[in-house]
Amino acid sequence: MPAEDEKDSRIEELKKNLYSRNAPDIRKRRRLHFDQKSFNVASDWEHPPEEIFSDEALNQKYKKPGLSFFTKLLIGSALFFVIALGIGAYLVFKGSDIVSANNIDINLAGPVSVAGGEPAAFTVQVSNKNSVQLQVVNLAITYPTGTADPTDTTKPLTNYQILLPDLNPNAVDQQAVSAVFFGELNSTKTIQVTVDYR
């Protein structure tokens, strides 16, 4: 193993040279050279020249901005709420001047059963329970098929209309009507009564 002995001898020689006082100076010292440069550094912040505005120019510069969309929407909503509240209060306290169909009663009184071919009399009663007058009250009666005019049974009677007098508050008006019914035995007929008013 001459190669290994030779390698060990080289290492030993390097160790001797490294720790020897007479060993050559392996490390080289480098000298750093700095160039001296001077910089002009400001000792204070730079202040831009102040702008001088007249009062009118300042007012234009700091003009108050207009209302935003959401502010306008909020104001509009508040106005709508106040108006709706006012209308609601008016209808609650003055709503008695409004005509309601629920306050108008129509009653039809007559026989429960009638003989076919004979005149039958009915009474139609219209009641106004509103606090205002009903004007141009039109009473319309629609008869079923097979109904004839009691004055002439050869003429069919399909509907009958009459103009009632104006109905004051809590007033009642009644009209007597008659008709002749034809049909099968024990058949049921429906009479429709409507009231139009202004």
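Coordinate-derived values only; no laboratory data. If you're wondering where the values come from, they're calculated on a predicted model, not measured in any experiment.
I need the fraction of alpha carbon pairs in the range 95-187 separated by more than 23 Å, rounded to a whole percent. Walk me through the intermediate numbers first.
Details: 1518 of 4278 pairs.
Considering the range 95-187, 35 percent of its Cα-Cα pairs are separated by more than 23 Å.
Listed values for the range 67-77 are Karplus-derived 3J(HN,Hα) couplings in whole Hz (6.51 cos²θ - 1.76 cosθ + 1.60, θ = phi - 60°), namely 6, 6, 4, 5, 5, 5, 5, 5, 5, x, 5, and x replaces Gly and Pro.
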